1. Can you give the extra length, in nm with one decimal, that the chain gains between residue 273 and residue 19 once fully stretched, where that is 0.36 nm per residue apart less the Cα-Cα distance?
2. Once the Cβ-Cβ distance between residue 263 and residue 155 is put in as r, and R0 is 35 Å, what FRET efficiency do you end up with, to the nearest 0.05?
3. Place +1 on the Cβ of every Lys and Arg and -1 on the Cβ of every Asp and Glu in the chain, take the dipole about the Cα centre, and give the residue among 390, 101, 134 whose Cα lies farthest towards its positive end.
4. What nm distance separates the two modelled labels at residue 317 and residue 298, each placed 7 Å from Cα along Cα→Cβ?
5. Of the GluC sites (Glu not before Pro) in segment 99-208, which ones lie in a loop per DSSP and count no more than 10 other C-beta atoms within 10 Å?
6. Out of 136, 63, 204, any idea which swings most in a Gaussian network model of the chain, alpha carbons joined below 10 Å?
7. Rounded to the nearest 0.05, what FRET efficiency is calculated for residue 217 and residue 289 with R0 set to 35 Å and r the Cβ-Cβ distance?
8. In percent, what relative contact order does the chain have, based on Cα pairs under 8 Å that are 6 or more apart in sequence?
Amino acid sequence: MTQIFENISLAISGLRANKMRALLTMLGIIIGIGSVIGIVMVGDSLTNSMTSSLQEMGANNVQIGLQQRESENGQSYTVSIDADDYISDEMIEQFLSDYDGQVEAVSVSEGMGSGRAVDGHKYANVSVSGVNDGYQTANHLKMQQGRFIAERDLKGVKNVAVVSDKFCNNMFAQGESPLGQEIKVNIGKDLYTFTIIGVYQYEQNALMSMMGAAASEKDMSTDLYLPITTSWKLTGAVEGYYSITALTKQGTDARAFASEFEDYFNRFYARNEDFSISAISLDSIIDQYSSMMGTVQIAIAVIAAISLLVGGIGVMNIMLVSVTERTREIGTRKALGAKNSAIRLQFIVESVIICLIGGIIGIALGMLMGYSGAALLGFPARPSVQAIVIAVGFSMLIGVFFGYYPANKAAKLDPIEALRYE
């Protein structure tokens, strides 16, 4: 143990004597480990934020939608959707009745497009969607004032709207109640008038942030919700649903129910030659996304780790130079009785110290890059302890692997020839 501490002291003294050479030797290790740590941090931050965002959208949600059947010969073909192909209100009502204890709500929506509410010089950008009364529950919307779309609005095909608090900030004076106020909304070439019945709290999730939703608060677009029956009337669309979202109750296994829901709805499509129903839980989508991001992250980290190999070769090169420069010193030590193992250990320890210091600097650099990268993307960053431990261990392994050959060469030097070397 004493010998190891002496070798560590000698190695550090040697590095101090040749600071610039030591730094250049470490450069490949620093860049390699720094890149890996930075990539892992940004990747973890992105994955965690996206997963959290998807879970906020509803980990218990099951997406149920139409899927075109394959032809008998397996070839793909395109079929237009007829009115009888859509999921109907009668199907949903029967579904809710049969799964009363497992399903909390069914959400449906249909986009009408982007538009702008205008009142003199005031304006607010909106994305208009027709929704049902279950949309609020399934999408966890928080109401600040008034109420959400109700069944009476759907049955009455009323021209009512639910808007965001950001919308109200743009369109109404501070302290002025938006409830009961009429708004005019331009969608394409058409102008529609709606009465506000509720205000929800706008929340920008990580998914929206990543997609670049960085517009000013005045110019940002928020969702404006109408009864879906009203949107059908205004657009002349076919009454029916291409897809729906079922929110299972807490404590139920959404993945297991996805398969069961799919079988349930496919009973209605047993005689439909063109379409069937497919269902997938949002929980499954989260897992697929996490797996995909993990694979991409590993692939990029492996590419970055190639620089560690280059750094290791640089360490070996410098250690060979060091052996050559210290040939007489090695000869003197061997003449005084130093064993080959002691000479070998001395140079391996020196190589490990170089790589370890480079690894520590690389970790610091990587964490700096990771925090900076995550901050630019707008996500919270957290260093990966596992990646740091692996990086330190890998840097020491590189030191042993690439330091062994020069150390072994030094240990095998003939003491007489070494003492005569100039």
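1. Working: separation 254, 0.36 × 254 = 91.44 nm, distance 7.66 nm.
Roughly 83.8 nm would be gained on extension.
2. FRET efficiency, residue 263 to residue 155: 0.70.
3. Of the listed residues, the answer is 390.
4. Inter-label distance under the simple model: 3.2 nm.
5. Passing both the DSSP loop test and the Cβ count: 176.
6. Sorting by GNM fluctuation, first place goes to 204.
7. Here the calculated transfer efficiency is 0.75.
8. Numbers: 724 pairs, mean separation 128.9, N = 422.
RCO, the chain: 31 percent.
The values are calculated or read from the model by the stated rules, or taken from the named source; none is laboratory data. This is a predicted model, so every value here is computed, not measured. Counting neighbours? That spans all protein chains shown, and the Cβs are built from the backbone with ideal geometry, glycine included. In case anyone asks, the SASA skips ligands and DNA or RNA and just uses the protein heavy atoms, side chains included. Shrake-Rupley method; radii C 1.70, N 1.55, O 1.52, S 1.80 Å.
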